[in-house]
Amino acid sequence: MSELLDAGLSWWGWALLAIGLVAVFSVFSALFLPDWKQPEYTLGTDAAPGTEAFVDAAAALLNNPVYRGGEVTLLQNGDAFYPAMLEAIRSARDNITFEVYIFEPDEIGRQFMDAFIERVGHGVEVRLLVDWFGSFKLKRRHREELARAGVKVEAFRPLNLRNLVRIYRRTHRRAIVIDGRVAFTGGAAISKKWAGNVRTRHEWRDSMTRVTGPLVGGIQSAFAENWVYCTGEVLSASRFFPPLEPGPGPCTVSVVSSPSDALQPIRILFWLSFANAQRRLWICNSYFIPDPRLRKAVVDRACHGVDVRILVPGNHTDAIPVQLAGRSYYDELLAAGVRIFEYQPAMMHAKTVVVDDSWSVVGSANMDERSMELNEENIVGIADGPFAEAVARGVEEDFTRAREVTLDEWRRRSVWQRGLERCAKVLIEQY
């Protein structure tokens with residue numbers, strides 16, 4: 001018996017040693033070995049961004065419909081978008097679907113909670129979907145308060161044993177729809193840090209876009225997809241997707257992305273937008289860690305004389321490791337002629353792209369691998385001259401409140417700073 005026991009222990013010991021070695025090698029390879037090389041994007045389309053041909057080509061590739069007509073309105077900072085959102089909610093007559101990453105029950109969140117409860121009292125159906133991790137401050141007592149009033153509240157992938165292997169995959173979408181006819185999307189969420197108009201360092205810089213017309217259906221789809229995943233309730237009735245006739249106005253495409261999308265549609269739409277820029281490519285993003293394919297497109301456009309500018313957070317950031325990782329690419333970008341600006345007054349959280357004179361991309365996605373491959377995201381491409389001009393005006397004002405980084409200055413940074421950037425880059429690329 002003792003010989004069998006010794007043999008059994010020996011076998012298990014070798015098995016545990018093998019598992020340990022595999023684990024160590026996996027960690028080492030993840031941290032220090034190059035990632036699996038992915039093919040570069042080529043060909044694309046020759047159509048100029050903002051043209052009907054470009055929109056049709058992008059929509060066909062992404063297998064998404066083209067929405068024509070309606071209105072798109074850019075709302076800059078909390079002083080503009082929170083009143084517009086609350087006004088739309090308080091005017092709801094049938095249903096409200098509301099998905100955000102962060103929902104905090106502070107003075108801003110309380111206004112939205114009260115508006116939901118008031119509308120439920122008038123017979124309006126309210127569905128609220130928040131990310132469990134992003135909205136951890138929305139405690140059970142707050143959710144129960146809403147539920148008692150009749151609001152249907154769900155948290156996306158709460159912590160439990162069934163979700164452990166997917167716990168790092170979050171919903172980062174902004175999909176807010178009222179009566180199927182008015183929608184909002186963009187970079188902001190529900191918290192007092194988005195209130196105001198960047199009057200102090202505590203008031204974040206961000207934007208939301210108000211949408212009417214057929215495009216509302218695309219934003220509603222972003223909500224409905226995650227809602228059915230969480231609840232099993234299929235929102236397919238005309239109450240949620242009323243028929244909205246095409247008409248004059250912007251030509252748009254709505255892109256919804258999940259980790260299961262092998263095509264990585266958000267990355268594709270960004271690449272098409274960047275690679276086809278002819279005169280102007282202005283990128284504003286709070287977490288800027290572009291992958292090699294997007295960096296190559298940006299560098300190529302700058303080398304061909306396109307006015308390429310990137311606006312990112314400066315000293316006020318809520319994610320220092322992400323900022324350090326993004327800065328590790330400054331040398332490559334600056335050497336190619338890209339101009340980089342770091343916003344100074346407060347945290348810059350906007351996620352907008354404007355290309356040439358009539359193409360813009362807005363929505364929830366950051367310029368990093370998490371948004372491209374791991375998160376649930378939604379963005380909207382908008383072919384509309386006045387809207388693109390509104391985005392550009394806002395970015396131009398931001399440039400005046402930002403510090404431009406020059407190549408000579410950047411190459412004089414300390415060895416310590418370079419080391420931090422390298423470490424952050426290695427670590428961030430693994431999440």
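Please check: in the Gaussian network model of the chain (C-alpha springs, under 10 Å), which one of R127, R162, R90 has the largest mean-square fluctuation.
Highest fluctuation among the options: R162.
Choose one answer from R280, R370, R413: the residue with the largest mean-square fluctuation in a GNM of the chain with alpha-carbon springs under 10 Å.
Top of the fluctuation ranking is R413.
Would you kindly find the accessible area of L324, with a 1.4 Å probe and non-protein molecules such as ligands, DNA and RNA excluded, rounding to the nearest 10 Å²?
It works out to around 30 Å².
Tell me which DSSP H helices of the chain clear both cut-offs, 30 Å or more of axial length from alpha-carbon atoms and a mean Kyte-Doolittle hydropathy of at least 0.0.
2-32
Per residue, how large is the accessible surface of the chain? Use a 1.4 angstrom probe and give square angstrom.
For the chain, the per-residue accessible area is 45 Å².
Does the chain come out rounded, prolate or oblate, given a ≥ b ≥ c as the square roots of the eigenvalues of its C-alpha gyration tensor, rounded meaning a/c under 1.5 and, failing that, prolate meaning a/b above b/c?
Since a/c reaches 1.5 but b/c is at least a/b, the shape of the chain is classed as oblate.
How high is the relative contact order of the chain? Use alpha-carbon pairs under 8 Å, at least six apart in sequence, and give a whole percent.
Over the chain, the number comes to 19 percent.
Cut-off 10 angstrom, C-alpha nodes, Gaussian network model of the chain. Which of I117, I379, I178 fluctuates the most?
In the Gaussian network model the winner is I117.
Once a ≥ b ≥ c are taken as the square roots of the eigenvalues of the Cα gyration tensor of the range 361-431, is the result rounded (a/c under 1.5), prolate (a/b larger than b/c) or oblate (a/b not larger than b/c)?
The shape class here is oblate.
May I ask you to order 338-344, 104-110, 260-266 by the average number of other C-beta atoms within 10 Å around their residues, highest value first?
The peptides rank, most packed first, as 338-344, 104-110, 260-266.
Computing the accessible area with a 1.4 Å probe over protein heavy atoms, can you report the carbon and sulfur percentage for the chain?
Ligands and nucleic acids excluded, carbon and sulfur give 57 percent.
Assuming a ≥ b ≥ c are the square roots of the Cα gyration tensor eigenvalues, decide whether the range 69-180 counts as rounded (a/c under 1.5), prolate (otherwise, with a/b larger than b/c) or oblate.
Prolate, because a/c is 1.5 or more and a/b exceeds b/c.
The values are calculated or read from the model by the stated rules, or taken from the named source; none is laboratory data. Since the model is a prediction, treat every value here as computed from it, not as a measurement. Glycine also receives a Cβ, built like all others from the backbone with ideal geometry; neighbour counts cover every protein chain displayed. Areas reflect the complete protein model, heavy atoms only, side chains present, ligands, DNA and RNA absent. Shrake-Rupley method; radii C 1.70, N 1.55, O 1.52, S 1.80 Å.
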